[in-house]
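The structure appears below as structure tokens.
The values are calculated or read from the model by the stated rules, or taken from the named source; none is laboratory data. Here the structure is a predicted model, which is why all the values come from computation and not from measurement. Neighbour counts are summed over all protein chains in view; Cβ atoms, including those assigned to glycine, are modelled from backbone coordinates with ideal geometry. SASA here: full protein model, heavy atoms, side chains in, ligands and nucleic acids out. Shrake-Rupley method; radii C 1.70, N 1.55, O 1.52, S 1.80 Å.
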Amino acid sequence: MPDYLIGYALPAAKKEKIVTGALVDVLRSSYGIDLVEVDPDKPIADQGCFHAIFHKLRRNDAWRGLIQAHLAEHPQCAILDRPEDV
């Protein structure tokens, strides 16, 4: 079981550049971090108990609402970047 669960939601082009097999392996083996893709069309809490979520999605109000709902239930979860900053 990982020490940390980090979620990510990225456009396909950024995902291909950033989330590589090597990165996932190093994070898991060296730092105890599991990197998990977040589905922006489903409630975040249903997808895992994340310590942090990073995203670069310019989504509609529904995505913004999912993040706000998640923060309301899990204020300890860090969100990088806030939807209004993307």
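Conditions first: (1) at positive phi; (2) out of contact with any Asp or Glu (no Cβ under 7 Å at 6 or more places or on another chain). Gly32 passes all but one, so which condition is the exception?
(2)
Give the stretch 32-75 a look and list any residue that's out of contact with any Phe, Trp or Tyr (no Cβ under 7 Å at 6 or more places or on another chain), open to solvent by 60 Å² or more (accessible area, probe 1.4 Å) and outside any loop (DSSP other than H, G, I, E, B), or say none.
Asp46, Asp61, Ala62, Arg64, Gln68, Ala72, Glu73
With respect to Pro2, determine if the residue is assigned to a loop (DSSP other than H, G, I, E, B) and either surrounded by 12 or more Cβ atoms within 10 Å (Cβ to Cβ) or touching a helix residue (DSSP H, G or I) at 6+ places or on another chain (Cβ under 7 Å) (or both).
Details: assigned to a loop (DSSP other than H, G, I, E, B): yes; either surrounded by 12 or more Cβ atoms within 10 Å (Cβ to Cβ) or touching a helix residue (DSSP H, G or I) at 6+ places or on another chain (Cβ under 7 Å) (or both): yes.
Yes.
Which residues, taken from the stretch 43-72, are without any contact (Cβ under 8 Å) to a residue 24 or more places away in the chain and among the charged types (D, E, K, R)?
Asp46, Asp61, Arg64
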